[in-house]
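The values are calculated or read from the model by the stated rules, or taken from the named source; none is laboratory data. Bear in mind that the values here come from a model prediction, so they are computed numbers and not experimental data. Reconstructed Cβ throughout: ideal geometry from the backbone, glycine too, with neighbour counts over all protein chains shown. Each accessible area value is taken on the protein alone, full model and side chains, heavy atoms only, with ligands, DNA and RNA left out. Shrake-Rupley method; radii C 1.70, N 1.55, O 1.52, S 1.80 Å.
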Amino acid sequence: MTADRRPLFHLAIPVRDLAASRRFYGELLGCPEGRSSDRWVDFNLFGHQVVAHLVEDQTAGGIDGHNPVDGEQVPVPHFGLVLDWEHWLELAEQLTQAGTKFVIEPYIRFQGQVGEQATMFLLDPCGNALEFKSFRDPSQLFAK
């Protein structure tokens, strides 16, 4: 696979409320809406396809657990994106100004160590956990 032909991810997530999901992904995060029906909505999450599927009976989903990382309780499962540094700062400010309730507020994790990164965690209206992160040095993404 060449660098210019990287695969895009597709993720289907359960939601209880399509209107709330449209407000969160479409309006707050600025994700353009693609195809939809009365049971699901496609969102363009920075070039990746996230599909919100209406599931009335969600006995599973949302936050199943937490894992201690760098003194924080990271929600598991979660999904998200690795953004460039400036875009991460802009998104953190946008979400903060919108009064977003964070699971883990924007901060620098592993400061001064290998893998230093900016990170923040939040929940969508249906309890799906998202992480947005960034590395000053993108080559540190998989560094040990």
*asked:* Using only Cα atoms and rounding to the nearest 10 degrees, what angle (0 to 90) does helix 85-97 make with the longest principal axis of the chain?
replied: 50 degrees
*Please work out whether the stretch 59-125 counts as rounded, prolate or oblate from its C-alpha gyration tensor, where a ≥ b ≥ c are the square roots of the eigenvalues and a/c under 1.5 means rounded, while otherwise a/b larger than b/c means prolate and anything else oblate?*
oblate
_Given the -39500 (n - 2.57) contribution per DSSP H run of 4+ residues, what per-residue ellipticity at 222 nm results for the chain, rounded to the nearest 500 deg cm²/dmol?_
-3500 deg cm²/dmol
*asked:* Please list, in order along the stretch 130-143, the HN-Hα scalar couplings obtained from phi with the Karplus expression 6.51 cos²θ - 1.76 cosθ + 1.60 (θ = phi - 60°), rounded to whole Hz, x for Gly and Pro.
replied: 10, 10, 10, 9, 7, 10, 4, 10, x, 5, 7, 3, 10, 5
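Which order do the peptides 84-92, 39-47 take when ranked by the mean count of other beta-carbon atoms within 10 Å per residue, highest first?
Working: 84-92: 15.1, 39-47: 17.1.
Result, highest mean Cβ count within 10 Å first: 39-47, 84-92.
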*At 1.306 mPa s and 10 °C, Stokes diffusion of the stretch 1-137 via Kirkwood alpha-carbon radius, µm² per second*: 100 µm²/s
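What part of the accessible area of the stretch 8-144, given as a whole %, is carbon or sulfur when the probe is 1.4 angstrom? Intermediate values should be presented prior to the final figure.
Working: 3890 of 7540 Å².
On the stretch 8-144, the fraction of accessible area on carbon and sulfur atoms equals 52 percent.
Over the chain, what is the percentage of antiparallel beta bridges among all DSSP beta bridges, to the nearest 5? Before the final figure, lay out the partial values.
Numbers: 24 of 35 bridges.
Roughly 70 percent of the DSSP beta bridges within the chain come out antiparallel.
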